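S.K.: Have a look at this one before I ask anything.
The values are calculated or read from the model by the stated rules, or taken from the named source; none is laboratory data. Worth saying up front: this structure is predicted, and the values here are computed from it rather than measured. Cβ atoms come from the backbone with ideal geometry, glycine included; neighbour counts cover every protein chain shown. Protein only, heavy atoms only, side chains kept; ligands, DNA and RNA dropped before computing areas. Shrake-Rupley method; radii C 1.70, N 1.55, O 1.52, S 1.80 Å.
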Amino acid sequence: MALGSYKRPVRWHIAVFLAPAVAIYTAIMILPLFGTLQLALFTTVDRELVFVGLDNFRTLFGDVRWSDSFWNALVNNTWFFIIHMLVQNPIGILLAALLSSPRLRMSAFYRTAIFIPTILSFVIVGFAWKLILSPIWGIAPGILDAVGLKSLFAPWLGKEEYALTTLALISVWQFVGIPMMLIYAALLSIPDEILEAAECDGLSGMAQFWKIKLPLILPSIGIISILTFVGNFNAFDLIYSAQGALAGPDFATDVLGTFLYRTFFGFQLQLGDPNMGSTIASAMFLIILVGVSIYLFGIQTRLRRYQF
Amino acid sequence: MAMSGARQSLGRSAAAHAILITYTIIALFPVFVIVINSFKTRKAIFRTPLEMPDAESFSLIGYQTVLKQGDFLLYFQNSLVVTVVSLTLVLLFGAMAAFALSEYRFRGNSLMGLYLALGIMIPIRLGTVAILQLMVATGLVNTLTALVLVYTAQGLPLAVFILSEFMRGVSDDLKNAGRIDGLSEYRIFFRLVLPLVRPAMATVAVFTMIPIWNDLWFPLILASAEETKTVTLGAQVFIGQFVTDWNAVLSALSLAILPVLVLYLIFSRQLIRGITAGAVK
């Protein structure tokens, strides 16, 4: 069977198996991705494409008409991501840790119920929360009133200082199921012998979690962090559903996704600009690439993996 | 000693249940409020939003408005066509590519695997500007074909990745026995391997289906015409127009929630088994 010892006939079936997937993937995903990167280097003058090098990026980062919106969107997007890391992932880990305790009853019910928001579309989630938080309907103030905290109520989605955090928390509510499930799977895969050994050494409960389980699930936490990062820097639907393309109030909830949409597709009176749109998409591409690279080369290689 | 241990573990499990129940309520409450209020009169929606509909407050007026005004049957059909066709293509082409990568040794194998895996990390949305130009050039704008192509490309990377992991676990003896019996490579794939990776296919199906059904971005940009609207986009537009008609808005939301919820409850065991089988580790 040594390779190359005799000439094999051409194995056409390999090409046949690969061809459809590679063709569609290349034509609809990879080529447009590079096409977009390339469009970012051109501008349109009298319907003709003119090569301008990195001028579009200079405009985006430096020209006040563009850079204010861009940095605003980038800062908002970063805050959106920080909230997810600080709230969504710890809650996900907590729920998974509780669910994975061996003698817990009804754990299938909890798992199924807590995952429900994750399967709903952003449109449903955005509007549902908009209604619930609305001062007109009064569900949120009513509930706060019932626990004596009515004075805390504010139209959170309508106030510039709260709107982005509120949206981020809504998104956390929707997606907490994903870290929960992945960590749950990781916790289940820890062999019983290790946990029994820990118990023999007197480690149980919280101490066992911090000293034994947490180090073992760090690779999964790494994967969740990078999934959260890519998802957050690609976010659009929830903000568009709840606040519209203008990401109100006064662009307080604008993220890179909504900024990209407005720029290249146009809105109200502004015409779409495919070249500046491509420039923003390229900037997003670079941000995601940097994030993924930091994860792949900086974090993942350093995490110790245990073979059971 | 034993007594106190038992009491401690009882206390601990009570605390665990308390936290889980609290979170379950937080997760389900908004859905619950939307659905019960969609069956109430306008007056009852505002006066007693947290009560179940009773004989007096029960009303289907919102659903009537939705069915009269929006073409939700068509939207639903569009979503169904797009999701089912994309899903079929992702599963078929994804499994074929995964089989090629996991079964045969050939030059460029791992490079091809890496190339196909790129799409897991880089979102397809970043290519939207060029995708739109491509669809305009080929005359596919405002057709369901455009959406099917995009979603197939979007779903393939993860499908190939997960399925090839699973196919590496299929026994070589079985395939070689098939070869000795004179089965062609195609038959080995369709007759022997595909049936064995069915559980993995179900997992991939659920993971592929949810984002396609829920997507707003590509329907908005590639197929926003009335006759190609999907349910997600249709609900978005409808709610935008009927903002002040609370009955209609709540009913439209409930109609959008229910099909996904039913599908999820049918497939949830499969989904959870798929995740915990270690496919995503």
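S.K.: Filtering region B:26-78 down to residues that are open to solvent by less than 70 Å² (accessible area, probe 1.4 Å) and among the small types (Gly, Ala, Ser), which residue is modelled with the highest pLDDT?
M.R.: B:ALA27
S.K.: Among the numbered conditions (1) assigned to a helix (DSSP H, G or I); (2) open to solvent by 20 Å² or more (accessible area, probe 1.4 Å); (3) among the small types (Gly, Ala, Ser), tell me where A:GLY272 comes up short.
M.R.: It fails just one condition, (1).
S.K.: Moving to a separate point now. Tell me whether region B:79-93 contains one or more residues that are at the interface with chain A (Cβ under 8 Å from one of its Cβ atoms), open to solvent by less than 60 Å² (accessible area, probe 1.4 Å) and touching a Gly at 6+ places or on another chain (Cβ under 9 Å).
M.R.: yes
S.K.: Being open to solvent by 70 Å² or more (accessible area, probe 1.4 Å), assigned to a helix (DSSP H, G or I) and under 15 Å from B:ALA100 (Cβ atoms) is the filter here; which residues of region B:167-186 pass it?
M.R.: Answer for region B:167-186, where residues must be open to solvent by 70 Å² or more (accessible area, probe 1.4 Å), assigned to a helix (DSSP H, G or I) and under 15 Å from B:ALA100 (Cβ atoms): just B:TYR186.
S.K.: On to the next question. Looking only at residues in region A:258-269 that are without any contact (Cβ under 8 Å) to a residue 24 or more places away in the chain and buried (at least 16 other Cβ atoms within 10 Å of the Cβ), which one is farthest from the other protein chains (Cβ to nearest Cβ)?
M.R.: Within region A:258-269, the first condition is being without any contact (Cβ under 8 Å) to a residue 24 or more places away in the chain, and the residues that meet it are A:262-269.
Restricting the remaining residues to those that are buried (at least 16 other Cβ atoms within 10 Å of the Cβ) gives A:262-265.
Numbers: A:ARG262: 12, A:THR263: 10, A:PHE264: 5, A:PHE265: 6 Å.
Only one residue tops the list, namely A:ARG262.
S.K.: Can we say B:ILE210 is open to solvent by less than 10 Å² (accessible area, probe 1.4 Å), at negative phi and either in the same structural domain as B:LEU118 (by TED's automatic domain parsing) or over 13 Å from the mean Cα position of the chain (by Cα) (or both)?
M.R.: no
S.K.: Please identify the pairs in which a residue from region B:27-54 that is within 30 Å of A:MET180 (Cβ to Cβ) has its Cβ atom under 7 Å from the Cβ atom of a residue that is open to solvent by 70 Å² or more (accessible area, probe 1.4 Å), counting only partners at least 6 apart or on another chain.
M.R.: These pairs meet every condition: B:ILE36/B:MET52.
S.K.: State all residues of region A:121-137 that are facing chain B (nearest Cβ under 7 Å) and part of a loop (DSSP other than H, G, I, E, B); if no residue qualifies, say none.
M.R.: A:SER121, A:TRP137
S.K.: Let me ask something additional. From the set of residues in region B:239-254 that are buried (at least 23 other Cβ atoms within 10 Å of the Cβ) and in contact with a Phe, Trp or Tyr (Cβ under 8 Å, 6 or more places away or on another chain), which is nearest to B:PRO30 (Cα to Cα)?
M.R.: Going through the qualifying residues, I end up with B:LEU253.
S.K.: Need the failing condition index for B:SER224 against (1) closer than 30 Å to B:SER57 by Cα; (2) open to solvent by 40 Å² or more (accessible area, probe 1.4 Å), just the number.
M.R.: Status for B:SER224: all satisfied but (1).
S.K.: Return the residue satisfying two criteria in turn: it lies in region A:100-120 and is hydroxyl-bearing (Ser, Thr, Tyr) and assigned to a loop (DSSP other than H, G, I, E, B), and of such residues it is nearest to the other protein chains (Cβ to nearest Cβ). Give the derivation first.
M.R.: Within region A:100-120, the subset hydroxyl-bearing (Ser, Thr, Tyr) is A:100-101, A:107, A:110, A:112, A:118.
Restricting the remaining residues to those that are assigned to a loop (DSSP other than H, G, I, E, B) gives A:100-101.
Values: A:SER100: 10, A:SER101: 6 Å.
Looking at the filtered set, the residue picked out is A:SER101.
S.K.: Ok, one more. Quick check on region A:99-126: of everything there that is of a type outside the set (S, T, N, Q) and open to solvent by 30 Å² or more (accessible area, probe 1.4 Å), which residue is nearest to A:TYR162 (Cα to Cα)?
M.R.: First, pick out the residues of region A:99-126 that are of a type outside the set (S, T, N, Q): A:99, A:102-106, A:108-111, A:113-117, A:119-120, A:122-126.
Going one step further and asking which of them are open to solvent by 30 Å² or more (accessible area, probe 1.4 Å), we end up with A:102-103, A:105-106, A:108-109, A:111, A:122.
Working: A:PRO102: 40, A:ARG103: 41, A:ARG105: 38, A:MET106: 37, A:ALA108: 35, A:PHE109: 34, A:ARG111: 31, A:PHE122: 20 Å.
The extreme case among them is A:PHE122.
S.K.: Still on this structure: For region A:235-256: of the residues being within 19 Å of the chain's Cα centre (by Cα) and open to solvent by 30 Å² or more (accessible area, probe 1.4 Å), which is nearest to B:LEU233 (Cα to Cα)?
M.R.: Checking each candidate, the answer is A:TYR240.
One line per residue, one yes/no per condition, for (1) touching a strand residue (DSSP E or B) at 6+ places or on another chain (Cβ under 9 Å); (2) of a type in the set (A, V, I, L, M, F, W, C); (3) closer than 28 Å to A:VAL87 by Cα; (4) in contact (Cβ under 8 Å) with a residue 60 or more places away in the chain:
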site: A:ALA197; (1), (2), (3), (4): no, yes, no, no
site: A:SER225; (1), (2), (3), (4): no, no, yes, yes
site: A:THR228; (1), (2), (3), (4): no, no, yes, yes
site: A:PHE233; (1), (2), (3), (4): no, yes, yes, yes
site: A:GLY248; (1), (2), (3), (4): no, no, yes, yes
site: A:VAL255; (1), (2), (3), (4): no, yes, yes, yes
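S.K.: Follow-up question, since we're still on this one. For A:ALA140, state whether it is open to solvent by 20 Å² or more (accessible area, probe 1.4 Å) and more than 24 Å from B:ILE210 (Cβ to Cβ). It would help to see each step written out before you state the result.
M.R.: Details: open to solvent by 20 Å² or more (accessible area, probe 1.4 Å): no; more than 24 Å from B:ILE210 (Cβ to Cβ): yes.
When the stated conditions are applied, A:ALA140 does not pass them.
S.K.: Pairs only if they're at least six apart or on different chains, beta carbon under 8 angstrom, first in region B:114-132 and facing chain A (nearest Cβ under 7 Å), second in a loop (DSSP other than H, G, I, E, B); list them, first residue then second.
M.R.: B:PRO123/A:ASN234; B:ARG125/A:ASN234; B:ARG125/A:PHE236; B:LEU126/A:ASN234
S.K.: Something else: Is there a residue in region A:159-181 that is within 12 Å of chain B (Cβ to nearest Cβ), crowded, with 22+ Cβ neighbours inside 10 Å and small (Gly, Ala, Ser)?
M.R.: Taking every residue of region A:159-181 in turn, at least one turns out to be within 12 Å of chain B (Cβ to nearest Cβ), crowded, with 22+ Cβ neighbours inside 10 Å and small (Gly, Ala, Ser).
S.K.: Looking only at region A:32-57, which residues are surrounded by fewer than 16 Cβ atoms within 10 Å (Cβ to Cβ) and at pLDDT 90 or above?
M.R.: A:PHE34, A:GLN38 - these are the residues of region A:32-57 that are surrounded by fewer than 16 Cβ atoms within 10 Å (Cβ to Cβ) and at pLDDT 90 or above.
S.K.: Take A:ILE190 and decide whether it is open to solvent by less than 40 Å² (accessible area, probe 1.4 Å), in contact (Cβ under 8 Å) with a residue 24 or more places away in the chain, aliphatic (A, V, I, L, M) and more than 11 Å from chain B (Cβ to nearest Cβ).
M.R.: Yes, satisfied.
S.K.: Is it true that A:LEU94 is part of a loop (DSSP other than H, G, I, E, B), closer than 28 Å to A:SER225 by Cβ and of a type in the set (A, V, I, L, M, F, W, C)?
M.R.: Judged against the criteria, A:LEU94 is not a match.
S.K.: A further question follows. I need the helices (runs of 4 or more DSSP H) fully contained in region A:1-81, keeping only those with at least 2 residues that are under 15 Å from A:LEU260 (Cβ atoms).
M.R.: A:31-39, A:55-62
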